[in-house]
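Down below is the structure, laid out as structure tokens.
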Amino acid sequence: MSLEYQPSCELSALRARANMYAQIREFFAKREVLEVETPILSQAGVTDVYLASVQATRHMLGKAATHYLHTSPEFAMKRLLASGSGPIYQICKVFRDDEHGRKHNSEFTMLEWYRPGFTLKDLMFEVTDLLNVVLQQRFGEVRPTILSYKHAFMDRLDLDPLQATTKELQDAARRVGLNLDLGDDRLGYIDLLFSHMVEPSLGFDTPVFLTDFPPELASLAKTRTDEDGELVAARFELYINGLELANAYDELMDATVLRSRFEADNQERAKLGLSVMPIDEYLLAALPNMPECSGIALGLDRLLMIATEKMRLSDVISFPADRA
């Protein structure tokens, strides 16, 4: 039996990728943002209930240890920030187990950067500048709009996700034909409705910065009070043509609060029968010394899909997981 040895993408996609990386590196060099590298394997894994780390066994001093391929370079980069690195960025491979499909591959390329002293609005301006470099050939000038999570939800479903009860969310899901029984999982219904009814409509007229997520989705971001006096997560995501490209935080600095979030994640993981993940104590030790900053992770494979007008990740990566 002969196997298909050739890449899933055309050679033109490889050249487009190389050109995009050169543009990104020039962009950050001009702004004096330092390119860094951090380990791909870590002793701690991500606790996020919705992310699955890829495990690897390696030996240290002759003893086998379970370590984890990073889902993002975030934790290690924050340790550099706390050590006085100043603004930094990284282009690297990241790994998320069992993620495959048109928009997913368990190994993908991420651009992540951190800007001490930047607000989320400052970071939006910088992201816009980067898009106008990388996507200029396809779109000309890019002018993203800003839309809150709440208003995007209300536009599509006439329901405020910050105030809606589990019953109201469940009824809304049934109305639109999403008949999954998620029990009393309120956040699960919010995610179901968002992913099926809201997300696919975002960013077709112009790129969209989606802001002010429900506070339960703060992850490693701070929380704040919005213009209606409601508690929201201080973060944004970038969408183009219904595709999520980036995720940004006003970075949480409080190690005590972050530890409690990690522990709550692990309690939820245990409840769901998922493995409890070791907490990154190095990160928690670093946080008190980290400068106030905003940070963002941007999927470069998806950005390349947009730049080259491709519909599948396999059209822009050389060897997806099923051919690796």
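Kindly indicate which of A16, A44, A52 is aliphatic (A, V, I, L, M) and outside any loop (DSSP other than H, G, I, E, B).
None of the others qualify; the one that does is A16.
List the number of the failed condition for S83; all other conditions in (1) polar (S, T, N, Q); (2) surrounded by fewer than 19 Cβ atoms within 10 Å (Cβ to Cβ); (3) within 19 Å of I317 (Cβ to Cβ) hold.
(3)
Would the range 171-194 turn up any residue that is in contact with a strand residue (DSSP E or B) (Cβ under 7 Å, 6 or more places away or on another chain) and either assigned to a helix (DSSP H, G or I) or exposed (fewer than 15 other Cβ atoms within 10 Å of the Cβ) (or both)?
Checked the range 171-194: no residue is in contact with a strand residue (DSSP E or B) (Cβ under 7 Å, 6 or more places away or on another chain) and either assigned to a helix (DSSP H, G or I) or exposed (fewer than 15 other Cβ atoms within 10 Å of the Cβ) (or both).
Suppose we keep only residues that are surrounded by fewer than 14 Cβ atoms within 10 Å (Cβ to Cβ) and of a type in the set (S, T, Y) within the range 142-170. Which one would you say is farthest from E216 (Cα to Cα)?
Ranking the qualifying residues of the range 142-170, first place goes to T145.
Can you list residue pairs whose Cβ atoms sit under 7 Å apart, with the first residue in the range 301-324 being within 18 Å of Q137 (Cα to Cα) and the second being aromatic (F, W, Y) and surrounded by 15 or more Cβ atoms within 10 Å (Cβ to Cβ)? Count only pairs 6 or more apart in sequence or on different chains.
Sorted first by the residue in the range 301-324, then by its partner, the pairs are D301/F108.
In the range 44-68, what residues are under 18 Å from the mean Cα position of the chain (by Cα) and among the hydrophobic types (A, V, I, L, M, F, W, C)?
V46, V49, L51, A52, V54
Restricting to the range 225-248, count the residues that are in contact with a strand residue (DSSP E or B) (Cβ under 7 Å, 6 or more places away or on another chain) and either touching a residue at least 60 places away in the same chain (Cβ under 8 Å) or over 12 Å from L120 (Cα atoms) (or both).
Selection size over the range 225-248: 13.
Taking the stated definitions as given, is I296 hydrophobic (A, V, I, L, M, F, W, C), at pLDDT 95 or above, assigned to a loop (DSSP other than H, G, I, E, B) and on the phi < 0 side of the Ramachandran plot?
Details: hydrophobic (A, V, I, L, M, F, W, C): yes; at pLDDT 95 or above: yes; assigned to a loop (DSSP other than H, G, I, E, B): no; on the phi < 0 side of the Ramachandran plot: yes.
No.
Mind listing whichever residues of the range 250-276 are crowded, with 19+ Cβ neighbours inside 10 Å and out of contact with any Leu (no Cβ under 6 Å at 6 or more places or on another chain)?
Listed by number, the residues that qualify are E251, F262, D265.
Is at least one residue of the range 111-122 part of a loop (DSSP other than H, G, I, E, B), acidic (D, E) and over 21 Å from P39 (Cα atoms)? Explain how you work it out, then say what you get.
Going through the range 111-122, the residues part of a loop (DSSP other than H, G, I, E, B) turn out to be 117-119.
Narrowing further to those that are acidic (D, E): none.
Checked the range 111-122: no residue is part of a loop (DSSP other than H, G, I, E, B), acidic (D, E) and over 21 Å from P39 (Cα atoms).
Can we say T211 is within 27 Å of R312 (Cα to Cα), of a type in the set (S, T, Y) and part of a strand (DSSP E or B)?
Numbers: within 27 Å of R312 (Cα to Cα): yes; of a type in the set (S, T, Y): yes; part of a strand (DSSP E or B): yes.
The answer is yes for T211.
Out of curiosity, is D97 surrounded by fewer than 21 Cβ atoms within 10 Å (Cβ to Cβ), out of contact with any Phe, Trp or Tyr (no Cβ under 7 Å at 6 or more places or on another chain) and modelled with pLDDT of 95 or more? Spell out the reasoning first.
On the way: surrounded by fewer than 21 Cβ atoms within 10 Å (Cβ to Cβ): yes; out of contact with any Phe, Trp or Tyr (no Cβ under 7 Å at 6 or more places or on another chain): yes; modelled with pLDDT of 95 or more: no.
So D97 fails the test.
Could you list, in sequence order, the residues of the range 30-56 that are over 15 Å from D97 (Cβ atoms) and out of contact with any Pro (no Cβ under 9 Å at 6 or more places or on another chain)?
K30, E35
Residue pairs, Cβ under 6 Å, 6 or more apart or interchain, first in the range 181-202 and farther than 15 Å from Q163 by Cα, second assigned to a helix (DSSP H, G or I) and of a type in the set (S, T, N, Q). List them.
D184/T166
Could you say whether any residue in the range 219-235 is part of a helix (DSSP H, G or I) and within 21 Å of L258 (Cα to Cα)?
So far as the range 219-235 goes, no, none of its residues is part of a helix (DSSP H, G or I) and within 21 Å of L258 (Cα to Cα).
The values are calculated or read from the model by the stated rules, or taken from the named source; none is laboratory data. Because the structure is predicted, anything quoted here is derived from the model rather than measured. When we count neighbours, we look across all protein chains shown, and the Cβ atoms used for this are built from the backbone with ideal geometry, even at glycine.
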